[in-house]
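To start, the structure itself, in structure tokens.
The values are calculated or read from the model by the stated rules, or taken from the named source; none is laboratory data. All values reported here derive from a predicted model rather than from experimental measurement. Backbone-built Cβ (ideal geometry, glycine too); neighbour counts: all protein chains shown.
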Amino acid sequence: SQTIHQWPATLVQPVGSPLSLECTVEGTSNPNLYWYRQAAGRGLQLLFYSVGIGQISSEVPQNLSASRPQDRQFILSSKKLLLSDSGFYLCAWSVGLNTGELFFGEGSRLTVL
Amino acid sequence: GENVEQHPSTLSVQEGDSAVIKCTYSDSASNYFPWYKQELGKRPQLIIDIRSNVGEKKDQRIAVTLNKTAKHFSLHITETQPEDSAVYFCAASTGFQKLVFGTGTRLLVSP
């Protein structure tokens, strides 16, 4: 069966520090991968998605970046965190273009102080 | 781009009552409308979805209706139970998995 893991689960970082959140998927090949941010009262905001290795599409301009160094690995990064980067980050995957279902990871709660 | 509005933001019902959550979308090209449930401290999970060639879909106590002309869709939960308490998100997509989510509805079901 397919599983998705992301880490760390909780992170407290000072303003201006770097960030790296990692997500891996097991049990499937060539998944579509996504990073979402969930902020209170703002729903789920798509940040990045990827349809293959090295292929990243950005939905929202910001100081975050994403990379996909391997088929089932998706990394969210920042060189210098801002206070506004605080939130709950969710990695997700999907199989095909038509099924539509997203399978979310457990989430990573980031607090920037 | 697509914009999805969801209301109410909070909904409180008594156990056994029905609950209705409504969403509107802006892009007439949207053709896929899922609903996700997120229990406290857990990840969102798909509970039901509907595509634009269908007007209504049911799954036990849950149903979703779609009105393409008015560009709105709704989630209906009948005979609510305390375990239905969660945050519910609607979403709309125009095709390639570009789901745009609503801001969520916190449903509280009191015993």
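Residue pairs whose Cβ atoms lie under 7 Å apart, separated by 6 or more positions or on different chains, with the first residue in segment B:45-57 and at negative phi and within 11 Å of chain A (Cβ to nearest Cβ) and the second surrounded by 15 or more Cβ atoms within 10 Å (Cβ to Cβ) and among the acidic types (Asp, Glu), are B:46/A:101. Does residue A:59 satisfy the criteria of being of a type in the set (Asp, Glu), over 25 Å from residue B:92 (Cα atoms) and touching a residue at least 12 places away in the same chain (Cβ under 8 Å)? Against the criterion (of a type in the set (Asp, Glu), over 25 Å from residue B:92 (Cα atoms) and touching a residue at least 12 places away in the same chain (Cβ under 8 Å)), residue A:59 does not qualify. Hey, could you check segment B:78-103 for residues that are modelled with pLDDT of 95 or more and either buried (at least 22 other Cβ atoms within 10 Å of the Cβ) or within 12 Å of chain A (Cβ to nearest Cβ) (or both) and say which is nearest to residue A:100 (Cα to Cα)? Going through the qualifying residues, I end up with B:90.
Taking segment B:58-75 as the search range and keeping residues that are surrounded by fewer than 16 Cβ atoms within 10 Å (Cβ to Cβ) and part of a strand (DSSP E or B), which one is nearest to the other protein chains (Cβ to nearest Cβ)? Out of the qualifying residues, it is B:59. The listed residues are B:5, B:83, and the only one of them that is outside any loop (DSSP other than H, G, I, E, B), of a type outside the set (A, V, I, L, M, F, W, C) and more than 13 Å from the chain's Cα centre (by Cα) turns out to be B:83. Any residue at all in segment A:90-112 that is buried (at least 19 other Cβ atoms within 10 Å of the Cβ), modelled with pLDDT under 95 and of a type in the set (D, E, K, R)? No: segment A:90-112 contains no residue that is buried (at least 19 other Cβ atoms within 10 Å of the Cβ), modelled with pLDDT under 95 and of a type in the set (D, E, K, R).
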